[in-house]
Amino acid sequence: MNYSDDDKALIMLSYESSYPRKRDALDSADSPKELYRDYSHADVTIEEMNRKGIVAITLNSKYYPSCLKNIYDPPQVLYCKGDVSLLSDTVKRLAIVGTRRITRYGKDVTREFARAFSDAGCCVVSGMARGVDSEAHKTVLAENGKTIAVLGSGTDVIYPPENAELYEEIASKGLIVSEYPPGTPPHAFRFPERNRIISGLSEGVLVTEAGAGSGSMITADLAIEQGKDLYVVPGNIFSQASKGCNDKIKELQAAAVTCPEDIIKVGKAHGDRENLAVQLTLEQARIISFLEDCESMHFSELLAKSGLGVNELTALLSEMEIYGFINKLSGNYYAIAQKL
Amino acid sequence: MLAKVISYALSGLDGFDVAVEVDVNAGLPAYEVVGLADTAVKESRERVRAAIKNSLFDYPIKKITVNLAPADSKKEGSLYDLPIAVGVLAATEQIPAHSYKPFVIVGELSLDGGLRHIKGLMPILLSAMQNGYTKFIVPEENAKEASYISGIDVYAFSKLKEVVEFLSGEKEVMPVPTRTFSAQQAENKYNVDFSEVKGQQFARRAMEIAVAGGHNILMIGPPGAGKTLMAKCVPTIMPDMTFEEAVEVTKIHSVAGILDAGKGIVTARPFRTPHHTVTVPALMGGGAKAKPGEVSLAHNGVLFLDEMPEYQRQTLESLRQPLEDGTVTVSRAKQSLDYPAKFMLVASMNPCPCGNYGSKTQQCRCTAAEIRRYVSRLSGPLLDRIDLQVEVDGISYEELRFAPPSESSATIKERVEKARAVQRERYKGSGVHTNAQMTNAQMKKHCALSPECERILEAAFRKLNMTARASTRVLKVARTIADLDGSADIQSRHITEAVQYRSLDRKYWE
């Protein structure tokens, strides 16, 4: 990729520590070249970026997504790694964000929506953080869908570290984006900043699970500011983990959604329970009927209701789990698999 | 005059005979002990003198030299008091010469001439027996310990005076009668029972399987779930110890000085719970005297590690060798000793540092990173040796109060013994006793799967994200479940059940 002098100036400026303060100057200057004159290092820097497979897309570039251009304070440079075509205006992008401390419910919800979005051909944008973000990326990748991760660190800095595998997978099958130059360490203040890019890139933002004061609430507020659609999934009113989402509904700031069809037209049907019921044995069907009445049921309760022996029930539940009818939760609780 | 009395010394669980040579000669009154004696032996001077005087014998006002041969190995403890006193009396012709020759004499003296209990009598008797000694003089307090060994004559006394009367032929004394060993004799040898464990059907089943197959087990559950109680109940469902096992345990406990003198032999399987601040030497054995550690004290019983991740990494890693070999080698500057350490490891841990992860009623306050760090304190190689990992439920008030009475230990034990019998038959003559010890070659033979079972095992691995090393564990546990079921082949229901006991493999804490 060839960079113009303006591009080079922007790239080099973004490396400087005084960069945030120079932004105002950039706005008033005719061209970035006025602020940056010494290009001796630029070639080395760009060489280094090429070596890492990182591409810089500046505000002036034709590849720069127009939806992002229209927000307040758009990033001057986007450092990208992966499939840059995902930034094209023809791609429908939806963001899924939420808490880092995900509950079982949040996991199920995130998977449900991420799978539906991906099946419908949408590109799922998120932040590769722990919890909901990771879950969303993973689900989409498992469905061979497209996904964009917007990082709060340099494009080549993996944070959180346990997502190293996920990072590689997104880089090869999707796209990693950051406004920070390669090598930038993850600092707390950068994450709220990066949230504006997540919502900026997307048509709408879905919050699957978020507590009050969660970072994803910042994304939600930014989505409203930027005039994007904000969707939240309601949660249990007693659950602290869903308080942020429920508050948004209460304040009438977001659309409450309970199924992917509320947001998009779902193309593929997601397996239906009627079909499966045929394959269940009598005992399995009984277990399902117990579980249907409640969120989850404890092993001892199932034992009492089913009247089976401990070993029989254990074997039966295990088999049903292996075939994907039910999930075993921590603490010996069982629940119907949301996939059904 | 010179007198030579035979006594005994221990090195680990084995011993060697010690000749206690006492020379009483003209010279300035003095008392000298040579032959690498420790302080307890050197201090015998005062006990011997007072005991002889208070038993109304004459203490010679001469130069007394005591030599403990062989002179180049260390002697320790107070068991040489009695042989030295007998030596002094013999050297001053208060006991007929040679009357004491056939006896191995051990015992501690008190100032009033009484005989006191010594440590390690059982291993001394067994080792001396192998070296051809058949007659022993021991303190009365140790008589019970000695009574379980047949083929030797043990004479027990409570006073120095009685020993002298016996040796001089003034008094006829019968050897201690031999008892027959019966592990069942003590009805209440454990003060817990599985019927006290309320609810927890899942964990109870896992415990039964673990004991039946000799598997190690890890319980994961919130504080107050009853993990410790269940661990304490494990010995109650283990098969009774055989005489050989009981003697092995008694030897170790005797050397460590924790043997209950009133019982004489250990009939209950040991249950050891070292605190999580335990050091490696305390766990493995060591110290200047290379004493047996907790793993050896738990030999033939249960080693319970409560809150396993709280133990120091180094301490946990040191467990790997005894778990693999069933023995532990304690090496010190002057000696290197082997102690047996064949135990069942029962461990417990919280699901996260605060203990509430996965709880329905309580909110967990731990961050994902904290939980990961907590769980990762248990290394893969160590977890590899723990076949069952089960979750224990937090118990509710209703369950505690109104749960129906559950099965007693005796009922479970019957099933366990049946399954063990099947295994004994299967592994006859191969040096392996339980499914947990199966070698790879034996696994190929005894854990062969039908195509249907293969399919379900593969499905389980894919679906539940299990790690590769879990496969041998699952198969071994499935083998035990099949044995409990009385089934010759492993069937699919055994495999599906076994899969449920591998909580940590499922990457729960992701």
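The values are calculated or read from the model by the stated rules, or taken from the named source; none is laboratory data. As the structure is a prediction and not an experimental result, all values here were calculated from the model. Please note: Cβ atoms are built from the backbone with ideal geometry, for glycine as well, and neighbour counts cover all protein chains shown.
May I ask you to verify whether B:Gly87 is within 19 Å of B:Arg49 (Cβ to Cβ), surrounded by 24 or more Cβ atoms within 10 Å (Cβ to Cβ), among the small types (Gly, Ala, Ser) and under 27 Å from the mean Cα position of the chain (by Cα)?
No: the conditions fail for B:Gly87.
Please enumerate the residues belonging to segment B:457-472 that are exposed (fewer than 15 other Cβ atoms within 10 Å of the Cβ), within 20 Å of A:Thr314 (Cβ to Cβ) and at pLDDT below 75.
Selection gives B:Asn465 alone.
Residues of segment B:108-136 being outside any loop (DSSP other than H, G, I, E, B), within 27 Å of the chain's Cα centre (by Cα) and not polar (S, T, N, Q), which ones?
Residues satisfying the conditions are B:Glu108, B:Arg116, B:Leu121, B:Met122, B:Pro123, B:Ile124, B:Leu125, B:Leu126, B:Ala128, B:Met129, B:Phe136.
Which of the residues that make up segment A:306-333 are under 12 Å from A:Gln284 (Cβ atoms) and more than 8 Å from chain B (Cβ to nearest Cβ)?
Of everything in segment A:306-333, those that are under 12 Å from A:Gln284 (Cβ atoms) and more than 8 Å from chain B (Cβ to nearest Cβ) turn out to be A:Ser306, A:Leu308, A:Leu313, A:Met320, A:Phe325, A:Ile326.
Here are the criteria: (1) closer than 30 Å to B:Ile412 by Cβ; (2) at pLDDT 95 or above; (3) not β-branched (Val, Ile, Thr). Tell me which single one B:Phe136 does not satisfy.
Unmet condition: (1).
Table: residues versus (1) under 29 Å from B:Val432 (Cα atoms); (2) within 14 Å of chain A (Cβ to nearest Cβ); (3) not in a loop (DSSP other than H, G, I, E, B).
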{"site": "B:Thr178", "(1), (2), (3)": "no, no, no"}
{"site": "B:Phe181", "(1), (2), (3)": "yes, no, no"}
{"site": "B:Ala206", "(1), (2), (3)": "yes, yes, yes"}
{"site": "B:Leu218", "(1), (2), (3)": "yes, no, yes"}
{"site": "B:Ala225", "(1), (2), (3)": "no, yes, no"}
{"site": "B:Asp240", "(1), (2), (3)": "yes, no, no"}
{"site": "B:Ala246", "(1), (2), (3)": "yes, no, yes"}
{"site": "B:Lys251", "(1), (2), (3)": "yes, no, yes"}
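Of the numbered conditions (1) free of Cβ contacts under 8 Å to residues at least 40 places away in the same chain; (2) closer than 24 Å to B:Ser376 by Cα, B:Met344 satisfies every one except a single condition; which is it?
Of the numbered conditions (1) free of Cβ contacts under 8 Å to residues at least 40 places away in the same chain; (2) closer than 24 Å to B:Ser376 by Cα, the odd one out for B:Met344 is (1).
Any idea which residue in segment B:261-279 is surrounded by the fewest Cβ atoms within 10 Å (Cβ to Cβ), counting only those that are among the hydrophobic types (A, V, I, L, M, F, W, C) and within 22 Å of B:Lys189 (Cβ to Cβ)?
B:Ala261
Scanning for something within 16 Å of B:Val295 (Cα to Cα) and of a type in the set (Lys, Arg), does segment B:247-262 turn up at least one residue?
Yes; the residues of segment B:247-262 include at least one that is within 16 Å of B:Val295 (Cα to Cα) and of a type in the set (Lys, Arg).
Among the residues in segment B:105-116, are any within 12 Å of B:Tyr8 (Cβ to Cβ), in the same structural domain as B:Lys53 (by TED's automatic domain parsing), basic (Lys, Arg) and surrounded by 18 or more Cβ atoms within 10 Å (Cβ to Cβ)?
There is no residue in segment B:105-116 that is within 12 Å of B:Tyr8 (Cβ to Cβ), in the same structural domain as B:Lys53 (by TED's automatic domain parsing), basic (Lys, Arg) and surrounded by 18 or more Cβ atoms within 10 Å (Cβ to Cβ).
Are any residues in segment B:228-248 at pLDDT below 90 and either outside the structural domain of B:Asp384 (by TED's automatic domain parsing) or basic (Lys, Arg) (or both), and if so, which ones?
none
Inside segment B:371-395, can you point out the residues that are within 11 Å of chain A (Cβ to nearest Cβ) and in contact with a strand residue (DSSP E or B) (Cβ under 8 Å, 6 or more places away or on another chain)?
B:Val390, B:Glu391, B:Val392, B:Asp393
Would you confirm whether any residue within segment B:329-339 is assigned to a helix (DSSP H, G or I) and at pLDDT below 90? Working first, answer last.
Step one: of segment B:329-339, the residues assigned to a helix (DSSP H, G or I) are none.
Taking every residue of segment B:329-339 in turn, none turns out to be assigned to a helix (DSSP H, G or I) and at pLDDT below 90.
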